[in-house]
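The values are calculated or read from the model by the stated rules, or taken from the named source; none is laboratory data. Predicted model only: the values in this text are computed from it and were never measured. Because the Cβ atoms are built from the backbone with ideal geometry, glycine has one as well, and the counts that use them run over all protein chains shown.
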Amino acid sequence: MRICGWVIRAKKFKKVIIVEVSGDSSTKPYVLVFKKEREPELFEKAEELDVGTALCFEGEKSQVQKSKRGVEYVVKDFKVYAKPLDPLPVDTIGKVPVLLDTRIKYRYLLLRNPVEKAIFKIRAGVLEAARQYLNDNGFLEVHTPKIVAAGAEGGATLFPLKYFEYKAYLSQSPQLYKQILMASIPRVYEITPYFRAEKFNTTRHLNESWGIDVEQGFIEDEEDVMKTLENLVSYIINYVRKIYVEELEMLGIELEPVNPPFKRITYDEAVELLRSEGIEIPEGEDLTDAAEKKLGELMMEKGHQIYFITNFPWSTTGFYYMRKEDGTHTGKFDLDYKGLELASGGQREHRYDKLIEALKLKGLNPEDFKFYLEAFRYGMPPHGGFGLGVERLLMKMLNLSNIREAIIFVRDRTRLSP
Ligand code: AMO
């Protein structure tokens, strides 16, 4: 078997050389043991193996396994493909702590560290599980444009760009397109980037993040959508618990299972609960990050690490959420996990006239949404959906303190490279 990777540690003694190689698909390093007596020629060749060397080797697993760090191999032969020109700027076995800034800059090298790599193997597992669950439940994976003429989440957070002689934007959300598709495919999903020109510098925002976006038609109300979301999140978390045991162990994470149904509280109840703790939310305003965090603590005390906040007031939502009969509340919900919003969603307004009215009420020009509105004229069923933040889910599953730890190449207020 031929295995390729990079040397992350090389210990050279008089009679034994032990080289750890990280690469290929294994989570833990391959531990290559060269013995002077057993293989004198290879031993001599192995003297040149230093941290950073790129190589491929052929060998067999040792009969005796002594290393706790990885699986030991007896090497038959190896070939060096590249050597570093300079000493590595970061420690790829993770002994020397690295500042987040450096970690982001040199992530492509730090991914040689099996612990760092474990985060991104789990990230891939999250998406693999999401696809499995959604495919098995009749959702069709679609792709919608990322260069768009209008946004759904507010003009202030759109990145403008020139599209020949037209004005265009980077897509904040597939919202308008996934809704349009409700005119022909009753269940769709998209795994997609969101581009948001938010000038924040927080531990929970990125300017380019990823979402798992779902839309489903022929619903009775938002409960149908919440069921899909709670089943999806439970499937993802339980899948990672089952398949990524080794990676979770390396990261020192005890990931608790979650099972539907999740607790539901209304926005009004959440505001009341916060008020009893001395936190005032001005009428009709969204929960602040601090309020969201406090609510997370209060819900945790009641035994709920994951819960829905439902019936958000219309004053806090996008134009496309369906208003309840009282006119002030909507079918919008958030899903919060350990005090952080993971997803938003809800029932949409599918009635053409009401949708035009909603756009106007939100101060938007229906003319700008013509392409979207037209789709509501030909038999649009009641529908709803949600957007689930991939980095936020990963961040909370793995107890990462900053969202930047959950994406390989970071786009934030000051980072445009690498
Ligand atoms: P919303 O704007 O709440 O809803 O986004 C959905 C989820 O995406 C994640 N998210 C972000 N993560 C990191 N950085 C950001 N700047 C960022 N913005 C959003 C969050 C959030 O809960 N169209 C609706 C969804 C829908 O109703 O279907 C929407 O985009 O986890």
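The set of residues in segment 201-225 being out of contact with any strand residue (DSSP E or B) (no Cβ under 6 Å at 6 or more places or on another chain), more than 7 Å from the ligand (Cβ to nearest atom) and in contact (Cβ under 8 Å) with a residue 24 or more places away in the chain consists of Asn201, Thr202, Thr203, Phe218, Glu220, Asp224.
Going by what's in this entry, would Arg196 be described as within 10 Å of the ligand (Cβ to nearest atom) and surrounded by fewer than 22 Cβ atoms within 10 Å (Cβ to Cβ)? For Arg196, the condition - within 10 Å of the ligand (Cβ to nearest atom) and surrounded by fewer than 22 Cβ atoms within 10 Å (Cβ to Cβ) - is not met. Can you name the residue in segment 176-193 that is touching an Asp or Glu at 6+ places or on another chain (Cβ under 7 Å) and under 17 Å from Val390 (Cβ atoms) and, of all such residues, is surrounded by the fewest Cβ atoms within 10 Å (Cβ to Cβ)? Applying the filter and picking the extreme gives Pro193. Only a single criterion out of (1) within 14 Å of Arg112 (Cβ to Cβ); (2) surrounded by 18 or more Cβ atoms within 10 Å (Cβ to Cβ) is not satisfied by Ser26, namely (2). Annotation note: Cβ proximity below 7 Å between a residue of segment 379-390 that is aromatic (Phe, Trp, Tyr) and a residue that is assigned to a strand (DSSP E or B) and within 6 Å of the ligand (Cβ to nearest atom) (sequence gap 6+ or interchain) occurs for Phe386/Ala343; Phe386/Ser344; Phe386/Gly345.
May I ask you to verify whether Ala82 is touching a residue at least 12 places away in the same chain (Cβ under 8 Å) and either surrounded by 16 or more Cβ atoms within 10 Å (Cβ to Cβ) or within 16 Å of the ligand (Cβ to nearest atom) (or both)? Judged against the criteria, Ala82 is not a match. Checking Glu190, Glu230, Glu215 one by one, the residue that is in a helix (DSSP H, G or I), within 24 Å of Val258 (Cβ to Cβ), at pLDDT 95 or above and under 20 Å from the mean Cα position of the chain (by Cα) is Glu230 and no other. If you go through segment 152-187 and keep only what is near the ligand (Cβ under 8 Å from one of its atoms) and part of a loop (DSSP other than H, G, I, E, B), you end up with Ala152, Glu153, Gln172, Ser173, Pro174.
Residues considered: Gly59, Gly70, Gly155. Of these, the only one that is in contact (Cβ under 8 Å) with a residue 40 or more places away in the chain and within 32 Å of the chain's Cα centre (by Cα) is Gly70. A count restricted to segment 233-247 and to residues that are closer than 19 Å to Ile408 by Cβ and either assigned to a helix (DSSP H, G or I) or near the ligand (Cβ under 8 Å from one of its atoms) (or both) stands at 2. Scanning segment 110-143 for residues that are surrounded by 14 or more Cβ atoms within 10 Å (Cβ to Cβ), in contact with a strand residue (DSSP E or B) (Cβ under 6 Å, 6 or more places away or on another chain) and assigned to a loop (DSSP other than H, G, I, E, B) yields Arg112, Phe139, Val142. Scan segment 324-346 for residues that are within 16 Å of the chain's Cα centre (by Cα) and in a strand (DSSP E or B) and jot them down. Passing the criteria: Leu335, Asp336, Tyr337, Leu340, Glu341, Leu342, Ala343, Ser344.
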